[in-house]
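Reading through the structure tokens given below for one structure.
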Amino acid sequence: MNPEPDARAAERLAERLDTAAASAQISNRYVTDRALDEVRQRQANATAAAAAWKLAQDRLHTKEVDADVELLDGTGNDAWKKLFKAAEAFSTGHAYTGHAHPNIEDGARCVLCQTLLDESAKGRLTRFAAFVADAASTDADATATRMKETMTAIADANLAPLDTPTLTELHAADAGLHAFVTQTLDAWVKRRLWVETSVRTSDWSTERPPLPDGDALDARLRSKAVALRIHAKELRASLDPEAKRLLDNEKAALAARQGLALRLGQIERHIRDANLHQNLTKVHTALAPRKVSLKMTELANAYVTAELAKVMTEELTALGYRRKVLPDIRGRTDVGQTMVTLKVKDCIDAWAGALGR
């Protein structure tokens, strides 16, 4: 009836779809085939870097390098590297500012045990510094950090960019797109589980869950948002004042009929009562005493008095009355009883003449 509410609802849904499309575009980066291939490559790089670092650690412990001291177990691992970098920070920032670490000048001391460094200790510290600065160590740290950040980003990705109310409205507006959204989000969750499992087990042989065919989810959501705004514009353009007036009148009439339907039983009873009252009124009027009396008088005049006057005239004639004077017989009805009055016209003059003769 009034397109404005539908137009506003379409625009609100379009706004939510635009927001969901922006979120879906970000989330999609973590589940595309290209992204998953990149994760696999990064794991391979991290594994290779870790292997190179392990080889460098093994060389660090080789007896040929320093036969007089056997290094402690774990030397060169992550904890040891943190210890060495902490010692480096203390040396360059406090103990020997202005000197590179390790400081192996004459009179220099170990920043940890703080004893004077002999030639053997100076050599070990120099090798340790070279090991920490080695490309294998640097690459291992960088690739491990990058791999950790990658998996954290995948785990934190929002793979449900549409909330439940928006999905419900979308289902009513476009069931086909709603089905595509459901399939895509389900595929996203399966692909994330697949890549997390593959990274954890280092086994990439399991078949990768496929994505639905066609355009990406964010592109479809934006396209639907554009269509909804066009639809809202068309709805408002179709609002003709005269057509609206007619529709408003029709709406009022329908509302009145709806209200009338609620009292239909009362109305039918009133109609029956009114018809009965009308019939009873007609019967009551037809049976009124005055009308009955008038009708009885009319019938008496037609069928009683006329015949009586004829018979009396014949009798008078038989008795020798020769004047053409007919008896005047009149009937009337009183309280349902019909009475007839006899009166002979000019009876006085007629009888006087007869007596005179």
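No value in this document is a laboratory result; all are computed from the given coordinates. Please read these numbers as outputs of a predicted model, since none were measured by experiment. Note: ideal-geometry Cβ built from the backbone for every residue, glycine included; neighbour counts use all protein chains shown.
3J(HN,Hα) along segment 224-241: 5, 4, 4, 4, 5, 5, 5, 4, 4, 5, 5, 4, 5, 5, 7, 7, 8, x Hz, from the Karplus curve 6.51 cos²θ - 1.76 cosθ + 1.60 with θ = phi - 60°, whole Hz, x for Gly and Pro. Given R0 = 25 Å, the distance between the Cβ atoms of Glu268 and Lys244 translates into a calculated FRET efficiency of 0.10. Taking each residue as 0.36 nm, the span from Ala95 to Asp6 lengthens on full extension beyond its C-alpha to C-alpha distance by 24.5 nm.
Using 30 Å as the Cα-Cα cut-off, could you pick out the over-long pairs in Lys251/Lys282; Lys54/Lys85; Lys224/Lys251; Lys82/Lys122? Working shown, then result.
Numbers: Lys251/Lys282 41 Å; Lys54/Lys85 19 Å; Lys224/Lys251 32 Å; Lys82/Lys122 20 Å.
Violating the 30 Å Cα-Cα cut-off are Lys251/Lys282; Lys224/Lys251.
The modelled label-to-label distance for the pair Asn301/Ala219, using points 7 Å beyond Cα in the direction of Cβ, is 10.6 nm. The label point for Leu112 and the one for Ile230, both projected 7 Å from the Cα toward the Cβ, are 7.1 nm apart.
Annotation: extensible slack from Thr285 through Ala153 equals 37.7 nm (criterion: 0.36 nm per residue apart, minus Cα-Cα distance).
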